[in-house]
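Asker: Mind looking over this structure? Questions follow.
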Amino acid sequence: MSVAPEGRRMLRVEARNAQTPIERKPSWIRTTAKMGPQYTSLHSLVKSEGLHTVCQEAGCPNIFECWEDREATFLIGGEQCTRRCDFCQIDTGRPEELDRDEPRRVAESVQQMGLRYATITGVARDDLPDGGAWLYAETIRQVHQLNPGTGVEILIPDFNGKPGLVQQVIDAEPQVFAHNVETVPRIFKRIRPGFRYQRSLDVITMGRDAGLVTKSNLILGMGEEDHEIERALRDLHEAGTDLITITQYLRPSPRHHPVDRWVKPEEFVHWSQVAEELGFKGTMSGPLVRSSYRAGRLWAQAMVRSGKPVPAELQHLVDKAGSPARQEAASLVARHLSPVS
């Protein structure tokens, strides 16, 4: 019997994954900390008030940039997910009882941190009759109520594709309605056994049909081929996806899916160009880009391209939307080509 570090018995897929050692990262999978005044202020506040963000708890390499723009990401629904994706570091198990006070606490954390844009994601809660739809919707409502000038991006599971449950989240009117496909159809069942590729596309279409700005994510380096990446991008665009992030898979532990390949920054530039040509209203592509990376800037880019007004308190995001973010592949390539002074 194989035993995981936390003492439980390993699943068969985990034991198979663990036979492959953790891969050595290439030179371009790295970042440097640039701690400006906004980051320093937020870091002190979060520490003194005992607040919790995914940014810190997941050790996100982009925390310095996002916090400098007063953006942060929150995980709701508990620490246990009822589904197991082969790339995800969140534990799978039986969740604790639903905390119905969590939306209020998240809203207060957003207020205390003075956030201008907040991303809210969470675990799948198939143990609940509504799959956690009320929790997602209520968190949006409470953040908006307490922070009327703050943009809210919601990243949801699929609620088993039930339109009534998805509609609950739509009715709460987030600025961005996101659901991540993550990978291509051929390996989808292996990577996301609890999800269905077409069902995920259908969830995005529901958000599009409701008039919301929609978003999804593709992770590269898990065994997909080039023609499959392009097909997935076409599928997402046809399903109504406005914003796309394209990222490199980083293996959380030996129990997770091995890295198939390290995608070079130049290839990320290529996929960003493909997405632009397909008609996405905003793209963010790079090895260390994550689905919530510079989320406010990407939303602002979509608003401008759609001819929609941006509230005055979020106008700063529009001002920055025209230049590549630090972790975008175009920025990485430009820095590599710059002469050393």
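Asker: Please report, as a whole percent, how much of the solvent-accessible surface of region 125-197 comes from carbon and sulfur atoms (probe radius 1.4 Å). All intermediate terms of the calculation are to be shown ahead of the outcome.
Answerer: On the way: 1410 of 2730 Å².
Carbon and sulfur: 52 percent of the exposed surface of region 125-197.
Asker: Straight-line reach from Lys25: which lysines fall under 29 Å, measuring Cα to Cα and dropping same-chain residues less than 8 apart?
Answerer: Here the lysines satisfying the reach criterion relative to Lys25 are Lys34, Lys189, Lys215, Lys264.
Asker: Just check region 188-341 against the gyration tensor rule for me: Cα atoms, a ≥ b ≥ c as the square roots of the eigenvalues, rounded for a/c under 1.5, and otherwise prolate or oblate depending on whether a/b exceeds b/c. Walk me through the numbers on the way to the answer.
Answerer: Values: a/c = 1.87, a/b = 1.08, b/c = 1.74.
Judged from the Cα gyration tensor, region 188-341 comes out oblate (a/c at least 1.5, b/c at or above a/b).
Asker: Compute, for Lys162, the solvent-accessible surface of its heavy atoms (probe 1.4 Å) with the complete set of protein chains present, and express it in square angstrom to the nearest 10.
Answerer: 110
Asker: Assuming 0.36 nm per residue, please report the length gained on full extension of the stretch Arg16 to Gln38 beyond their Cα-Cα distance. Show your work: numbers first, answer last.
Answerer: Details: separation 22, 0.36 × 22 = 7.92 nm, distance 4.40 nm.
This chain segment gains 3.5 nm when fully extended.
Asker: With a 1.4 Å probe and every protein chain left in place, work out the accessible area per residue of region 159-202 in Å², rounded to a whole number.
Answerer: Working: 1880 Å² over 44 residues.
Counting only protein heavy atoms, the per-residue value for region 159-202 is 43 Å².
Asker: Which ³J(HN,Hα) values in Hz, rounded to whole numbers, follow from the phi angles of region 299-313 under the Karplus curve 6.51 cos²θ - 1.76 cosθ + 1.60, where θ = phi - 60° and Gly and Pro get x?
Answerer: Each residue of region 299-313 in turn: 4, 4, 4, 5, 4, 5, 5, 8, x, 9, x, 10, x, 4, 5 Hz.
Asker: If I model a spin label as a point 7 Å beyond the Cα along the Cα-Cβ vector, how far apart are those points for Leu278 and Ser323 in nm?
Answerer: Distance between label points: 2.9 nm.
Asker: Also: Assuming 1.002 mPa s and 20 °C, estimate D for region 117-184 with Stokes-Einstein, Rh taken as the Kirkwood radius over Cα pairs, in µm²/s. Working shown, then result.
Answerer: Values: Rh = 12.2 Å.
For these conditions, the coefficient is 176 µm²/s.
Asker: What number does region 190-237 give for Rg over Rh if you use C-alpha atoms and the Kirkwood radius?
Answerer: Taking Rh as the inverse mean 1/r over Cα pairs, Rg/Rh reads 0.99.
Asker: A follow-up question, please. Karplus couplings for region 324-334 from phi (6.51 cos²θ - 1.76 cosθ + 1.60, θ = phi - 60°), rounded to Hz, Gly and Pro as x?
Answerer: After applying 6.51 cos²θ - 1.76 cosθ + 1.60, I find x, 6, 4, 8, 5, 4, 4, 5, 4, 5, 4 Hz.
Asker: Given 37 °C and 0.692 mPa s, how large is the Stokes-Einstein diffusion coefficient of region 28-150 in µm²/s, with Rh as the Kirkwood radius over Cα pairs?
Answerer: Working: Rh = 15.5 Å.
For these conditions, the coefficient is 212 µm²/s.
Asker: Based on alpha-carbon centroids, what's the gap between region 224-261 and region 102-136 in Å, whole number please?
Answerer: Answer, in whole Å: 25.
Asker: If Trp299, Trp262 are ordered by their accessible area, calculated over protein heavy atoms with a 1.4 Å probe, which sequence runs from highest to lowest? Don't skip to the answer; put the middle values down first.
Answerer: Numbers: Trp299 5, Trp262 60 Å².
Accessible-area ranking of Trp299, Trp262, largest first: Trp262, Trp299.
Asker: Which value does Rg/Rh take for region 263-341 over its C-alpha atoms, Rh per Kirkwood?
Answerer: In region 263-341, Rg relative to Rh is 1.01.
Asker: Still on this structure, please answer the following. Along Cα→Cβ, 7 Å out, is where each label goes; now give me the distance between the ones at Arg199 and Ala312 in nm to one decimal.
Answerer: Going from the Arg199 label point to the Ala312 one covers 4.6 nm.
Asker: At 1.4 Å probe size, with every protein chain present, just tell me what the per residue accessible area of region 8-132 comes to in Å².
Answerer: Numbers: 6850 Å² over 125 residues.
Dividing the accessible area of region 8-132 by its residue count gives 55 Å².
Asker: Between His227 and Glu57, what is 0.36 nm times their sequence separation minus the Cα-Cα distance? Round to one decimal in nm. Let's see the in-between values first.
Answerer: Values: separation 170, 0.36 × 170 = 61.20 nm, distance 3.54 nm.
Full extension of this stretch gives 57.7 nm more.
The values are calculated or read from the model by the stated rules, or taken from the named source; none is laboratory data. Remember, predicted model here, so these are calculated numbers, not experimental data. Cβ sites come from the backbone with ideal geometry, for glycine too, and all protein chains shown count toward neighbours. Ligands, DNA and RNA are excluded from the accessible area calculation, which covers all protein heavy atoms including side chains. Shrake-Rupley method; radii C 1.70, N 1.55, O 1.52, S 1.80 Å.
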